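**Student:** Next up is a structure, given as structure tokens.
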Amino acid sequence: MAKKTHSERRKYIRISTVLAVEFFLKDKNRLTPWLQGFTNNISYGGLCIKINDLWWGFGDRISKGKKINLILHLPFREVEAEAEVVWKEEKKEKKFTSHYLGVQFTHINNKDKIFLFLYALLKKVTPYLGMILIISFLGLTIFLNFKERQLIEKNQKLVRQYQSVLEEKERLAKAIREEKKLFQLFTQREKDLKKRLESLKKKIEKERKKYEESISAEKEGKVACLKEKIEKLEKRISSLGEENLYLKRKIKGEKESIFIFSEKMKKIEEKKTLYFPQIVEGMRKWILSRQDLRSGLILSYEGDRELKEVAFTYDQALAVVLLTILKDFKEAEKILDFYLEKVKKGEPIFNAYYTDGSIFEYVIHSGVCAWIGIASLNYYQFRKKKKYLPIAYYVAKFLEKMMDEEGGVRGGSNISWYSTEHNLDAYAFFRIFYRITGKRKFFIQAEKIKSWLNRYAYTHKGIPVRRGKGDSTIATDTFAWSITSLGAEELLSLDMDPDLILDFAEKNCKVKVNFNNSYRTFIVEGFDFAKAKNIGRGGIISCEWTSQMILAFLVMADYYKDKDFKKSEYYLRKAKYYFEEMEKMIIVSTSFVGKGYPVLPYASANFADTGHGWHTPKAKNTGSLAATAYFLFTYFGYNPLRAEFLSLSLGDIYAGGNKTYSKTYKD
């Protein structure tokens with residue numbers, strides 16, 4: 001058996017790789033038939049061939065220096081080469097003798113040579129690379145899950161801390177109210193006491209004069225009587241004097257308590273100011289986290305299994321407007337792209353879709369179409385890009401088809417009823433479209449709708465705003481949208497009182513409920529969908545419709561700012577009060593996708609009759625896209641039905657709040 005030298009075995013790095021190989025021995029002529037074997041290892045300069053059972057007689061023919069032709073069978077490729085045997089070994093097995101041949105290439109295509117070596121190398125390292133990739137993937141998965149869990153816990157902690165601040169603020173506000181009541185009580189008692197003391201002092205002066213006169217007249221019986229009366233009055237004055245000192249101490253104490261609580265309240269407000277921009281940013285991230293990557297649509301609800309893959313078109317419109325003012329333009333465009341494709345294909349705009357783009361609700365409502373048109377116009381207002389104006393033109397044509405001779409817009413395709421809400425939406429759409437394009441036909445359409453509203457929706461007796469034509473049901477959103485769509489001046493031009501409209505809404509639709517957000521229970525005041533007494537199910541708060549009312553209060557505060565400062569302050573206090581009530585209802589996202597971000601629920605109660613033909617979602621504390629979006633409109637002071645920022649916003653009230661965003665967006 002020939003022995004291999006070190007140089008013969010280690011001229012190149014060898015890689016253990018098994019490949020099928022066929023070869024034959026040759027001199028000037030072919031000496032053997034095709035023989036079969038397998039590579040034992042491969043190097044850049046040659047390879048080792050293993051033959052398990054060489055035909056009898058051929059083993060002796062193969063020796064060092066012999067020439068062979070070979071074919072290597074690789075996936076998708078065969079490599080042919082000529083080689084020379086540089087060493088040979090035999091190994092006795094149980095049933096046969098294995099032959100090992102070390103061969104060195106004498107002629108091989110350079111590309112085949114490189115490919116063969118790289119393939120062998122890859123085949124060698126693939127199991128290790130696979131193992132490394134699997135371990136890396138598992139490690140990355142564990143790391144990402146850990147980071148996700150950290151983020152969820154961080155967001156949950158933020159909401160808990162913020163609600164603790166709200167709870168402390170509520171406790172301090174209650175304490176300040178009680179101390180002020182006591183202060184007023186003691187102050188009033190002091191005033192009353194002062195009057196009584198002055199009266200007694202005057203009385204005792206008169207009695208003393210009588211006493212002196214009686215002494216001069218030597219009327220002993222009367223002198224004794226007057227003396228006794230004066231002594232009693234002196235005792236009474238002395239007693240009242242002591243009481244007066246007591247009241248002064250109490251008033252001083254109440255002043256000090258009010259001051260102490262007020263200072264604590266300032267610190268709580270400062271703390272709240274630090275937290276709230278994070279809450280706003282968390283709500284933004286919650287909305288973005290629920291956007292479908294394929295269709296671009298954003299899920300409308302979180303929590304209700306029956307609606308877990310549904311995107312309502314109205315909600316998408318609100319999302320477009322919000323993302324636009326937040327300058328998340330790409331995300332807003334993804335939603336608009338979905339509806340633009342529908343319009344280009346000549347398809348109608350349905351009320352709701354699944355996030356994969358299929359239709360969930362085969363209903364076409366005028367108000368819903370108006371809102372997606374409003375969204376496209378709000379986007380244009382910011383970006384000045386005409387790409388999505390075809391959506392607005394489609395909506396304009398659709399609403400014109402739904403409009404009757406009197407200017408009223410029917411509820412939708414194959415629908416005979418008329419909704420005040422839908423007509424307010426259509427009015428807002430045409431007004432914004434006219435402002436953007438300057439086309440008078442849109443102004444005329446808006447004026448027709450306004451005339452219809454004046455004739456059929458607004459009344460001067462009883463309910464100021466009807467739900468629809470011939471429908472006197474109370475609907476809270478019609479009150480709010482009358483203010484935000486038409487505005488105070490337009491309402492006054494129709495001989496309608498915007499102050500009365502909001503006052504009626506407060507008196508009839510305001511409710512107070514206990515709301516548990518999973519961490520604590522708050523007493524919250526907000527607005528029902530309708531007059532709760534008329535439904536018989538007790539009061540529930542709609543977070544979206546309450547936010548609509550907050551925006552209406554802001555619009556009125558803005559309107560009166562330069563006309564009546566007291567009224568402006570009155571409405572601003574209203575807006576701030578209900579905004580803070582909504583803060584109590586902030587919940588934590590419960591889904592893994594939502595990552596524990598803060599969000600507003602649809603309503604304070606699940607599966608409750610709204611009084612308008614539908615129920616609230618079935619799951620408890622169902623996160624709502626519409627409620628969260630409208631809440632943020634109030635924070636930024638943005639009116640989507642006019643496509644404009646107000647000069648007042650609740651973010652401005654929170655020192656440093658709106659400044660994080662609005663300075664950029666108002667440029």
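The values are calculated or read from the model by the stated rules, or taken from the named source; none is laboratory data. Since we're looking at a predicted model, the values are computed, not measured. For neighbour counting, all protein chains shown are included, and Cβ atoms are generated from backbone atoms with ideal geometry for every residue, glycine included.
**Student:** Which one of the conditions (1) at negative phi; (2) modelled with pLDDT of 95 or more does residue 413 fail to meet, given that it meets all the rest?
**Tutor:** Condition (2) is where residue 413 drops out.
**Student:** Among the listed residues 623, 611, identify the single one that is surrounded by fewer than 24 Cβ atoms within 10 Å (Cβ to Cβ), at pLDDT below 95 and not basic (Lys, Arg). It would help to see each step written out before you state the result.
**Tutor:** On the way: 623 fails: surrounded by fewer than 24 Cβ atoms within 10 Å (Cβ to Cβ).
Every option except 611 fails the conditions.
**Student:** Among the numbered criteria (1) farther than 21 Å from residue 466 by Cα; (2) in contact with a strand residue (DSSP E or B) (Cβ under 8 Å, 6 or more places away or on another chain); (3) touching a residue at least 60 places away in the same chain (Cβ under 8 Å), which one does residue 520 miss?
**Tutor:** Checking residue 520 against (1) farther than 21 Å from residue 466 by Cα; (2) in contact with a strand residue (DSSP E or B) (Cβ under 8 Å, 6 or more places away or on another chain); (3) touching a residue at least 60 places away in the same chain (Cβ under 8 Å), the one that fails is (2).
**Student:** Kindly indicate the residue of the stretch 445-473 that is in contact with a helix residue (DSSP H, G or I) (Cβ under 6 Å, 6 or more places away or on another chain) and of a type in the set (Val, Ile, Thr) and also farthest from residue 642 (Cα to Cα) among those meeting that condition.
**Tutor:** 465
**Student:** Being over 12 Å from the mean Cα position of the chain (by Cα), farther than 30 Å from residue 418 by Cα and not acidic (Asp, Glu) narrows it down to one residue among 607, 592; which is it?
**Tutor:** Working: 607 fails: farther than 30 Å from residue 418 by Cα.
When all the criteria are applied, what remains is 592.
**Student:** For the stretch 292-341, how many residues are farther than 22 Å from residue 390 by Cβ and of a type in the set (S, T, N, Q)?
**Tutor:** Residues that pass the stated criteria total 1.
**Student:** Only one residue in 172, 158 is in contact with a Lys or Arg (Cβ under 9 Å, 6 or more places away or on another chain) and not assigned by TED's automatic domain parsing to the domain that holds residue 583. Which one? Show your work before the answer.
**Tutor:** On the way: 158 fails: in contact with a Lys or Arg (Cβ under 9 Å, 6 or more places away or on another chain).
Result of the check over 172, 158: 172.
**Student:** If a residue has to be closer than 30 Å to residue 292 by Cβ, touching a strand residue (DSSP E or B) at 6+ places or on another chain (Cβ under 6 Å) and either not small (Gly, Ala, Ser) or not in a loop (DSSP other than H, G, I, E, B) (or both) to count, how many in the stretch 564-596 make the cut?
**Tutor:** Residues that pass the stated criteria total 3.
**Student:** Only residues in the stretch 23-39 that are more than 17 Å from residue 59 (Cβ to Cβ) count as the first member; pair them with residues that are among the polar types (S, T, N, Q) and in a loop (DSSP other than H, G, I, E, B), Cβ under 7 angstrom, at least 6 apart or cross-chain, and list the lot.
**Tutor:** Matching pairs, first to second residue: 39/17.
**Student:** Considering only residues of the stretch 385-395 that are in contact (Cβ under 8 Å) with a residue 24 or more places away in the chain and surrounded by fewer than 21 Cβ atoms within 10 Å (Cβ to Cβ), which is farthest from residue 437 (Cα to Cα)?
**Tutor:** Going through the stretch 385-395, the residues in contact (Cβ under 8 Å) with a residue 24 or more places away in the chain turn out to be 387-388, 390-392, 394-395.
Checking the rest, the ones that are also surrounded by fewer than 21 Cβ atoms within 10 Å (Cβ to Cβ) come to 387, 390.
Details: 387: 14, 390: 13 Å.
Once the filter is applied, the top-ranked residue is 387.
**Student:** If you scan the stretch 202-247, which residues turn out to be surrounded by 14 or more Cβ atoms within 10 Å (Cβ to Cβ), among the charged types (D, E, K, R) and under 30 Å from residue 175 (Cβ atoms)?
**Tutor:** 243
**Student:** Inspect the stretch 287-294 for any residue being polar (S, T, N, Q), closer than 17 Å to residue 600 by Cβ and in contact (Cβ under 8 Å) with a residue 60 or more places away in the chain and give the result as yes or no.
**Tutor:** Keep residues of the stretch 287-294 that are polar (S, T, N, Q), which gives 289, 291.
Filter once more, so that each one left must be closer than 17 Å to residue 600 by Cβ: 289.
Now drop any that are not in contact (Cβ under 8 Å) with a residue 60 or more places away in the chain, which leaves 289.
Looking through the stretch 287-294, at least one residue is polar (S, T, N, Q), closer than 17 Å to residue 600 by Cβ and in contact (Cβ under 8 Å) with a residue 60 or more places away in the chain.
**Student:** Given the options 526, 596, 613, 536, name the one that is small (Gly, Ala, Ser), over 27 Å from residue 648 (Cβ atoms), assigned by TED's automatic domain parsing to the domain that holds residue 653 and touching a helix residue (DSSP H, G or I) at 6+ places or on another chain (Cβ under 8 Å).
**Tutor:** Values: 526 fails: over 27 Å from residue 648 (Cβ atoms); 613 fails: touching a helix residue (DSSP H, G or I) at 6+ places or on another chain (Cβ under 8 Å); 536 fails: touching a helix residue (DSSP H, G or I) at 6+ places or on another chain (Cβ under 8 Å).
Result of the check over 526, 596, 613, 536: 596.
**Student:** Check 663, 576, 566 and return the single one that is more than 25 Å from residue 525 (Cβ to Cβ) and either among the charged types (D, E, K, R) or modelled with pLDDT of 95 or more (or both).
**Tutor:** On inspection, the qualifying residue turns out to be 663.
**Student:** Another question, if that's okay. Kindly evaluate residue 278 against the criterion of being in the same structural domain as residue 148 (by TED's automatic domain parsing) and under 31 Å from the mean Cα position of the chain (by Cα). Steps first, please.
**Tutor:** Numbers: in the same structural domain as residue 148 (by TED's automatic domain parsing): yes; under 31 Å from the mean Cα position of the chain (by Cα): yes.
So residue 278 fits the description; yes.
**Student:** Looking only at the stretch 67-87, which residues are buried (at least 19 other Cβ atoms within 10 Å of the Cβ) and either out of contact with any helix residue (DSSP H, G or I) (no Cβ under 6 Å at 6 or more places or on another chain) or not assigned by TED's automatic domain parsing to the domain that holds residue 36 (or both)?
**Tutor:** Residues of the stretch 67-87 buried (at least 19 other Cβ atoms within 10 Å of the Cβ): 68, 70, 72, 79, 81, 83, 85-87.
Within the stretch 67-87, 68, 70, 72, 81, 83, 85 meet the criteria.
**Student:** Going through the stretch 207-239 one residue at a time, which ones are over 29 Å from residue 193 (Cα atoms) and of a type in the set (Lys, Arg)?
**Tutor:** 219, 222 - these are the residues of the stretch 207-239 that are over 29 Å from residue 193 (Cα atoms) and of a type in the set (Lys, Arg).
**Student:** Next question. Can you confirm whether the stretch 309-325 contains a residue that is touching a residue at least 24 places away in the same chain (Cβ under 8 Å), out of contact with any helix residue (DSSP H, G or I) (no Cβ under 8 Å at 6 or more places or on another chain) and in a helix (DSSP H, G or I)?
**Tutor:** no
**Student:** Does the stretch 598-611 contain any residue that is in contact with an Asp or Glu (Cβ under 6 Å, 6 or more places away or on another chain) and either within 18 Å of residue 485 (Cα to Cα) or hydroxyl-bearing (Ser, Thr, Tyr) (or both)?
**Tutor:** Taking the stretch 598-611 and keeping what is in contact with an Asp or Glu (Cβ under 6 Å, 6 or more places away or on another chain), we get none.
No, the conditions are met nowhere in the stretch 598-611.
**Student:** Looking at 442, 430, 398, 382, which one is touching a residue at least 12 places away in the same chain (Cβ under 8 Å), aromatic (Phe, Trp, Tyr), touching a helix residue (DSSP H, G or I) at 6+ places or on another chain (Cβ under 8 Å) and closer than 20 Å to residue 477 by Cβ? Steps first, answer last, please.
**Tutor:** Values: 442 fails: closer than 20 Å to residue 477 by Cβ; 398 fails: closer than 20 Å to residue 477 by Cβ; 382 fails: closer than 20 Å to residue 477 by Cβ.
So the residue among 442, 430, 398, 382 that is touching a residue at least 12 places away in the same chain (Cβ under 8 Å), aromatic (Phe, Trp, Tyr), touching a helix residue (DSSP H, G or I) at 6+ places or on another chain (Cβ under 8 Å) and closer than 20 Å to residue 477 by Cβ is 430.
**Student:** Residues that are acidic (Asp, Glu): which helices (runs of 4 or more DSSP H) entirely in the stretch 456-560 hold 1 or more of them? Spell out how you get there, then give the answer.
**Tutor:** Values: elements: 476-481, 488-493, 498-509, 532-535, 543-560.
Of the helices (runs of 4 or more DSSP H) lying wholly inside the stretch 456-560, those with at least 1 residues that are acidic (Asp, Glu) span 476-481, 488-493, 498-509, 543-560.
**Student:** Considering only residues that are surrounded by fewer than 24 Cβ atoms within 10 Å (Cβ to Cβ) and of a type in the set (Gly, Ala, Ser), which ones fall in the stretch 357-366? Write out each step before concluding.
**Tutor:** Looking only at the stretch 357-366, we keep the residues that are surrounded by fewer than 24 Cβ atoms within 10 Å (Cβ to Cβ), and these are 357-364.
Answer for the stretch 357-366, where residues must be surrounded by fewer than 24 Cβ atoms within 10 Å (Cβ to Cβ) and of a type in the set (Gly, Ala, Ser): 357, 358.
**Student:** Listed residues 126, 97, 106; which is loosely packed, with under 13 Cβ neighbours inside 10 Å and more than 56 Å from the chain's Cα centre (by Cα)?
**Tutor:** On the way: 126 fails: more than 56 Å from the chain's Cα centre (by Cα); 97 fails: loosely packed, with under 13 Cβ neighbours inside 10 Å.
Of the residues listed, the single one that is loosely packed, with under 13 Cβ neighbours inside 10 Å and more than 56 Å from the chain's Cα centre (by Cα) is 106.
**Student:** Could you list, in sequence order, the residues of the stretch 371-408 that are of a type in the set (Lys, Arg) and part of a helix (DSSP H, G or I)?
**Tutor:** Of the stretch 371-408, the ones of a type in the set (Lys, Arg) are 383-387, 397, 401.
383, 386, 387, 397, 401 - these are the residues of the stretch 371-408 that are of a type in the set (Lys, Arg) and part of a helix (DSSP H, G or I).
**Student:** Could you check how many residues of the stretch 456-480 are without any contact (Cβ under 8 Å) to a residue 60 or more places away in the chain and touching an Asp or Glu at 6+ places or on another chain (Cβ under 7 Å)?
**Tutor:** 1
**Student:** Condition first: among the hydrophobic types (A, V, I, L, M, F, W, C) and over 26 Å from residue 416 (Cβ atoms). Now tell me which residues in the stretch 361-391 satisfy that.
**Tutor:** Here is the first cut: in the stretch 361-391, the residues among the hydrophobic types (A, V, I, L, M, F, W, C) are 363-364, 368-372, 374-375, 377, 382, 389, 391.
Result: 375, 377, 382, 389, 391.
**Student:** In addition: Out of curiosity, is residue 339 of a type in the set (Phe, Trp, Tyr), more than 23 Å from residue 545 (Cβ to Cβ), in a helix (DSSP H, G or I) and in contact (Cβ under 8 Å) with a residue 24 or more places away in the chain? Even if it seems obvious, please write down each step before you answer.
**Tutor:** Numbers: of a type in the set (Phe, Trp, Tyr): yes; more than 23 Å from residue 545 (Cβ to Cβ): yes; in a helix (DSSP H, G or I): yes; in contact (Cβ under 8 Å) with a residue 24 or more places away in the chain: yes.
Yes, satisfied.
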